[in-house]
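A short write-up of the structure that comes next.
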Amino acid sequence: MKPEAILYTATLGGKELSFETGRLARQAGGSIVVRQGDSMMFAAATLGNVREGVDFFPLTVDYEERMYAGGKIPGSFFRREGRPSTEATLVARLTDRPLRPLFPDGMRNEVQVILMSLSADNENPLDMLAINAASAALMISDVPWAGPVGAVRIAYVDGELIANPTMQEMEISELDLRVAGSKEAILMVEAGSNEISEDLMAEALQLAHESIQDVIAVQERMAREIGKAKREVSLAASDTELIAQVKSAVKARVTALLDQPYLKSNLYEGMDQIKAEYLLETLGEEPDPAELSRYGKAFDEAQRMIVRDRILFEGKRPDNRKVYEVRDISVETDISPRAHGSGLFTRGETQVLTLATLGTPKEAQELDNLNGMDSKRYMHHYNFPPYATGETKRVGGQSRREIGHGALAERALEPVLPNEKDFPYTIRLVSEVLESNGSSSMASVCGSSLALMDSGVPVSAAVSGVAMGLIMEGERYVILTDILGTEDHLGDMDFKVAGTRDGITALQMDIKIAGITPEIMAEALRRARDARMYILDQMDKVIAEPRPELKSHVPRIETIKVPVDKIGAIIGPAGKNIRALQEETNTKIDIDDDGTVYIAAVDGEGFYEARERILAMTETAEIGRIYTGKCVRVTDFGAFIEILPGVDGMVHISQLSTERVDKVEDVVNVGDDLTVMVIDIASDGKIRLSRQALLEGWTVEEARERDKPGGSRPRGGSRPGGRSGGDRRSSGGRSGGDRRDRSGGDSRNRR
């Protein structure tokens, strides 16, 4: 029997959003297909059991980007999807972040949410559908969860904020804001923007929260009407009495440690020492393992509470800064002598070195995904090695966190980059995190801005970034500027803001509580602006604007335009010509389909040689122009001269000299250079040349007149075989001036 589909609809930004269930994946805990237009996203949420020994919540969110959704076959060797693309990884992270805070504290059951693209119409983006689908799947499943959440994108086009824009509207938007939230509060924010103001960003956040209310209401209705009963799960509950007991016992020692001059290693080692001493005093030298674990967890929670209370009620941070104060900053450039640009940014115990590389257009990254892009010329990569936190771990590929931080920095800097037409370079930035104690992603933004200016890239402005934190208990809260790793770990919010002096370029917010209000976010934005301006002031002291010229070892890229029909002549058979040209001139050459040729060379000599040779290869013969070319063939009626690469014309024997010529070889032989004038180009491309016109000082018109049947010939000249060179109508064959020569001596373009 055909499964019966159950359909619900909601309105998001004035457009219909449908939720279908009951037809697909019925054995999953909950499954949903969300559709807008012809874009469709599938989500399945399933609850597993508790894995033995797990003391954290094992939630996994995976997005399977299927190429068939856009009518594409994967471009990999195996022609099937492989490891997730960067875009797919970012969608999975984007979905995970608003879901995670709403699961019950102490939950240890495995929960898996799998997303899969079913259809992509290149009009309605899939990423916001993914969050809404995941939320709906959890709502109707047996998984305990305190949702729902709704998600929406906000654009800013022609001075107007637009909720749930199309991909076409996003292409011209000055803002790409993605927000997920519950009925009461905002849970996740991700944004890139073209230097918009804090007030406009706050207004956009408010619109986003209002826009998702109908999506949330529909999911609540689905849960009531068709949702499964939530499964009972065992929660790892906190022992509040034991925590209070431990807190009372260690508060004085922890407070004394926090009052000392701050150094991350001293704080962490000091806490470990206090913990070890307390456990020894309380449990003895041979404690029961279960009791040791119970008291150890209680100590960790007590320590967390002590630090939070000091911040919330006394305004004292672990490093004794004021809540609005930025750590000490150090700025350096030109660290690597051979990298195209480098910047070292140190803020407190967080240090990032960013190195810039400038390449040719063909070095742009090719993309194989569903978002409609086929390449990108700016890439930002972020690496976080274990030594940055004084640890030893296996070093492998990029983690989801590294991919996400790289994408955030990329968004932050993209608005200030020059356009490709004015600056035809592919740009790659690599941020190496050398030390980390909070906000390394924002340090990578600052280091990257320095590296770009150090390399001489004509950016429109410098960009800085800062991470804001939040400690909140009930109605009381404190917003923290430039958070430490400790404050990030024990706090309730990580709110990253990047931008120029004129406005915000990137935004990202993650929270650990059930949400924060738009009013708190607006306050955090204002505080972040003050911090950004201070950081920019410190950066300006070292380098306030891009260097006036690119460094000497950066390839200079110049462009020339050639006729489209000449591209083949430059490339040659199987790329033979262009490879030889690059090797002989020590250049890199790229050619666009529109005839734009990019020539990259470290030295000017190589560039000029390559340019002249390309222009020569693509030049078109012109009537009246004088060329010096090489003789490539001799016949009894004239000589063929290559006046341009692959292009030759014919000089009739009667046009070789001012005197009578009995034999062509008396004037020119194969391999000789000869200077000639183009006197005619036929409609079929055959080129007529004259040497006599130059010797006599004739104009083109005079040369043409004398080349006509009956025209004047050299004095006393005679044709080979006794025929008069001046009489083309004499018997015995046609004149060389007649392009229907039986010899086949027609001029042609040879490639």
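For this structure, a couple of remarks:
- Every condition in (1) within 25 Å of the chain's Cα centre (by Cα); (2) assigned to a helix (DSSP H, G or I); (3) not β-branched (Val, Ile, Thr) holds for GLU123 except the one numbered (2).
- Some residue of region 259-272 being part of a helix (DSSP H, G or I), more than 22 Å from ILE131 (Cα to Cα) and among the small types (Gly, Ala, Ser): yes
- Candidate set from region 69-120 (those that are of a type in the set (Asp, Glu) and surrounded by 18 or more Cβ atoms within 10 Å (Cβ to Cβ)); member that is nearest to GLN168 (Cα to Cα): GLU87
- Taken over region 502-519, the residue count meeting the criterion of being surrounded by 17 or more Cβ atoms within 10 Å (Cβ to Cβ) and either modelled with pLDDT under 90 or in contact with a Pro (Cβ under 8 Å, 6 or more places away or on another chain) (or both) is 6.
- Within region 347-362, considering residues that are of a type outside the set (A, V, I, L, M) and in contact with a helix residue (DSSP H, G or I) (Cβ under 8 Å, 6 or more places away or on another chain), the one surrounded by the most Cβ atoms within 10 Å (Cβ to Cβ): THR354
- Filter result for the condition that a residue is assigned to a helix (DSSP H, G or I), closer than 30 Å to TRP145 by Cα, of a type in the set (Gly, Ala, Ser) and under 42 Å from the mean Cα position of the chain (by Cα), over ALA223, ALA244, ALA302: ALA223
- Residues of region 41-65 classified as in a strand (DSSP E or B), touching a helix residue (DSSP H, G or I) at 6+ places or on another chain (Cβ under 7 Å) and over 22 Å from LYS230 (Cα atoms), total: 3
- Any pair with Cβ under 8 angstrom, 6 or more apart, that starts in region 345-364 at a residue that is assigned to a loop (DSSP other than H, G, I, E, B) and ends at one that is of a type in the set (A, V, I, L, M, F, W, C) and surrounded by fewer than 20 Cβ atoms within 10 Å (Cβ to Cβ): GLU349/LEU263
- Here is the figure for region 488-505: residues that are within 22 Å of ARG321 (Cα to Cα), touching a residue at least 40 places away in the same chain (Cβ under 8 Å) and among the charged types (D, E, K, R) total 2.
- The requirement of being on the phi > 0 side of the Ramachandran plot and within 31 Å of the chain's Cα centre (by Cα) is fulfilled nowhere in region 184-191; no residue meets it.
- Tally, over region 592-625, of residues that are touching a strand residue (DSSP E or B) at 6+ places or on another chain (Cβ under 6 Å), surrounded by fewer than 20 Cβ atoms within 10 Å (Cβ to Cβ) and of a type in the set (A, V, I, L, M, F, W, C): 2
The values are calculated or read from the model by the stated rules, or taken from the named source; none is laboratory data. Every value quoted in this text rests on a predicted model; they were computed, and no experiment measured them. So basically every Cβ, Gly included, is an ideal-geometry build from the backbone, and we count neighbours across all protein chains shown.
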